[in-house]
Every structure is written in structure tokens, then in C-alpha cells.
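Structure, as C-alpha cells:
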Amino acid sequence: MGQRGVIYGRASKDARHTGTSVDKQIERGEYWARGEGIELLQPIRDDNMGATRGSRERPGFKKVRDLIEQRAIDVLILWEVSRSTRDATESMGLLDVAEDNNVAIAVDGKRYDPADDTDRIQLQFMFMMADSEGRRTKKRNVDSVTTNAHRGTPHGRLPYGYRRIYDSSNGVLLQQTPLDEDGQLLPEAKVLAEAARDVLSGVPIRRICIQLNERGVPSPRKPRAKTLQDSPADVVTLWERASLRQLLLNPTIAGRRIYRGEDIGPAQWEPIIEYDQWLKLRALLSDPSRLTVPVPRGPSPRHLLTGIARCGVCGARLKAATNMKRLKKAYVCRHEGCMKVTVTGERVDAMVEATVLALFASSGFRSSLASAYRDRAESQKNGPDIGAQITELEEERDELESMRAQDPPIISTRAYAAEDLRIEKAIDRLRASEVATVTSPVLRRMLRATTLEESWKAADLMDRREVIRILFDVTINRPEKNTGQRFDPNRVVVEPSAFLRDDVLQGQAPGR
């Protein structure tokens, strides 16, 4: 009976997904196997997968190990040992399992027996060289990424809103830009610029997403199995609040370079949004009055307090239930380990709406609310130019780096470290001090309305929810005793939000 063998091929990088490198490895292995009269199993391959220490598990390599342990082959055929692994520890394991199961290893047309001392030493040396080369390659890659980061050059995936220009002769990246050949913003960049403008003017992100979806604007989201059925062209026209918010909060669109998750300074590409405007945008999107509810996912809410009211037992956000046997609509706690709060939905909605109307009808409330908005807007308008101050500090840091780079350095290591730390702390303080104006179109309309009740009735559900989110913290407690289906208003606690307490009421709380 002839010997059985399997060819294993692997390549670390295959950006075009052509598999050319692995194809060549397999062709060379097949040529050698024919000359040796070896019966080949189906080749095993791992395309676009690394083999250094810390690389993700390779399914093909695992299959090879399984074949060896099952004694299903007599020889493993490799183009070179680095194709199997660049990890010294993993290579020793491969040699041991091959020796234990009498499997030879053929490398570049030469056969080695792991059970033979001379052959094993040669294989170990080759594996050690592969491990060493893998470590050197990894270090070069890390050094290159670090250097590019400090230079402010692009790296990694192409950001949404940008295109890249390459040298046609050698494929070297020349530029990353949000502009087309005519110097106009790319369509994707326009989406972000317009969304940022709308958010700064007070338009909710969810509403912006609805408008983008109605216009059929392609989103950066990759198609899934279900969406491919509806869009064979691989274009997804579904925008979600979480993804748009993430794009707007990315410093890349403000012309900033990110390295290891941190903003390390200006980049070499043009911004879609100027840095000072982006700082205002970031502060606005991070404003506590906008974040009283976590980023919603899924379809738009259909009930007034879904995801707003909290469970008085565990603190989780309540969900609406419309399939209760005794209640037409209820707010319930679905948090695992609790699920102890259920309350009549219609009665709670009516109670919270009555609180809103009573609050706006109270003496001086509208003027206090309008004054709070004006104060925040004035603070932002008359405050220091945060972007300019940060730029000035970054220029100071560049001067410090040049002093350190002199030969010999004209600043001591200790002095450099102290100054660098001072500048970093100053930049962090400036970024944290950016003041955002709380803007709510529906609240502004209500402040201008002659009759509040008519304005409230004219507002849609999303507008009403926005008002409640900004102004109130709603908690539903568990009943102290069983009252059957009778509604107990004392279980519903409506308290002023942080914005209302700190900026508007100044110690005065609305009634419950």
C-alpha cells in the first residue's frame, strides 16, 4: 500500500483574497508528491491567516494536527516550515505529535523524520528561524505603525467619508482625503457634515437616521445574510442611531490621529468637520441631558415611557407589554433576576403627562428654563476658544520634542518628562471643560407656545419622550402590599432630572 500525504498551505496576507500564494505552495507540493508516488488527500489551506504567537486559531492547521493524531497520513508536505507555524512552542508540539504517530515532514522537496535525531535537529533549527523572523516582522510592523501614528499618516481601514489615493507605479499610499477630484466633499463626507450641522442645531440623531433611511442613503454597515436578499448589490440603506453617533464621535472626521484608542494630535488629512466644531459636537452628544437613556437599539419606541421609566427594585429600564391578560398596556421589568415590577401603562402615562403640564404651568418655570438655555449658550459663545488653546499646547509640545531631538538634547530627560506631563494634563482639562448647549426643538416650541396643552397635543411621540427624558427621572416602585388591579399612584415617583435640578429649578422640585 502506497503512502498517504497531505499538503498544507498558508499565507499571512491575502488582501485581494486571490489565494495565489497558497495555490503555488500546493502546486509545488503536488509536483513533489507525484515524483515520490505519494497518494494525496485533499489539500488543506489557511488563507490570509498569521501563524505567529498570539495569532487566531487556524482551522486548517487544526485539521492537519487531527489527521496526524488519527494516523490518517504518513507525510505532511510543506513548502517551508514557516507555512505551518512561526511559534516555537507550537512547532515543538507539531514535531512531537508527528514523531508519536510515525509521520514524516517534507519541506521544500526534502523529507525529514522527526524521530531521527539529525532530522529533528534540522527541523527544530528551521522552526526556530521561522519564530525569530516572525518576531522581527512583528516588531517592524509595530514600529511602522507607531511611526505612522506620530507622523499623522493614515493606517488601518478606510474611514467612512474618505477616499485614498495611491501611487499608480508602486501602490504606495499618497493621501487620504474627504474631497473628490473637483475639491468637493464626497457624498459620504456630506452625510457626516450635514448630520453634525443638524445635531448642533438641535435635531435628534434618531430623526436624522429616519430622514437618511427615507432618502435611501447607503450606510457604512456591511450586508448580512438577510440584507443580501433585499440588496444583491451589497448596499445597506439602514441607518441606526448608535452607528451614526459613533461616526460623529470619531476624532478622525476632525482631522485627528488616533493611536491605541487615544487622540495624539493633528493628522495629515483634511477634516470633514473643523476641530473646534467637533469638540462642541462631542460635548453635545455627551451631555447628560441627552444621555438619560442608553443608546436605543431596534425599532422606534411606540410607548411614552419605554426605556425611560426605571424599576424601583433593580434600576433597570422598563419595557412595555401589550399582551398582558388583565392589562391593555403595562410597563414591566424584564431584567433577569428581578422582574418584580408591573404597572398599568395608561395610568402612568397620564400621571407623567399631567406632571409635565403642571410644571410648565407653574409660576416662573418657562422663564427659568429659557434662562438656563441662554446661560449655557452664552457660556459656550463667550467662553475661551478651546480648539485654539489645544492647538497652541500641541505646538508647544512639538517645540518640546524638537528640543529633545537635538544632539545633544538641550533639555534634560527629567525636565522633558515634567513638561510633557504638564502639557498633556492641560490638554485633557481643556477637552473636559468644553460646555455643551442643551438644544431641544420641541422644548423651544413649547416655550414659545401660547397654549401649552395644544402644543403638547400637537407634539408627536418622539417629541414627548424627548421632553420627559430631559426633564424627569421616572421610577416605578414595587407595591408594598397586594392591591389587585387597583392603581396606586404612590408607586410612581417623578423627580427632576440633573439638568432640571442644576440649571433650572436650583433646589425647587416639581410635584409628584
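Take each of the peptides 179-190, 243-254, average the number of other beta-carbon atoms within 10 Å over its residues, and list them starting from the highest. Spell out each step's value before the answer.
Details: 179-190: 13.6, 243-254: 19.4.
The densest-packed peptide leads the list: 243-254, 179-190.
On full extension, the segment bounded by K138 and R422 gains 98.9 nm, given 0.36 nm per residue less the C-alpha separation. Translational D (Stokes-Einstein, µm²/s) of segment 4-146 at 10 °C and 1.306 mPa s when Rh comes from the Kirkwood sum over C-alpha pairs? Estimated via Stokes-Einstein, D reaches 103 µm²/s. Rounded to the nearest 5, the antiparallel percentage of DSSP beta bridges internal to segment 4-146 is 20%. Value of Rg to Rh for segment 385-430, rounded to two decimals, is 1.04; Kirkwood radius and Rg both from alpha-carbon coordinates. Here the dipole of segment 385-430 is about 300 debye; that uses its Cα centre as origin and unit charges on the Cβ of Lys and Arg (positive) and Asp and Glu (negative). Going from the residue with the fewest nearby Cβ atoms within 10 Å to the one with the most, H335, H303, H155 rank H155, H335, H303.
Given an 8 Å cut-off on Cα distances and at least 6 residues of separation, report the relative contact order of segment 44-179 as a percent.
Numbers: 153 pairs, mean separation 23.8, N = 136.
Across segment 44-179, relative contact order equals 18 percent.
Here's how it looks for D46: its modeled amide H is under 5 Å from those of G9, R10, A11, which are all 5 or more places away or on a different chain. Residue by residue, segment 207-219 carries 3J(HN,Hα) couplings of 5, 4, 4, 4, 5, 5, 5, 5, 7, x, 6, x, 9 Hz when phi is fed to the Karplus relation 6.51 cos²θ - 1.76 cosθ + 1.60 (θ = phi - 60°); x denotes Gly or Pro.
Backbone phi angles across segment 71-76, fed through the Karplus curve with coefficients 6.51, -1.76 and 1.60 (θ = phi - 60°), yield HN-Hα couplings of 6, 7, 9, 10, 8, 9 Hz in residue order; Gly and Pro are listed as x. Note on segment 385-430: dipole from Cβ charges, positive end direction compared against S412, L430, I390; the farthest Cα belongs to S412.
Highest mean packing first, where packing is the average number of other Cβ atoms within 10 Å per residue, the peptides 66-77, 486-497 line up as 66-77, 486-497.
Given an 8 Å cut-off on Cα distances and at least 6 residues of separation, report the relative contact order of segment 385-430 as a percent. Could the numbers behind the result be given before it?
On the way: 21 pairs, mean separation 22.5, N = 46.
Across segment 385-430, relative contact order equals 49 percent.
Each value in this text was obtained by applying a stated rule to the coordinates, not by laboratory testing. Keep in mind the model is a prediction, meaning the values are calculated, not measured. Heads up, the Cβs are rebuilt from the backbone with ideal geometry, glycines too, and the neighbour counts pull from every protein chain shown.
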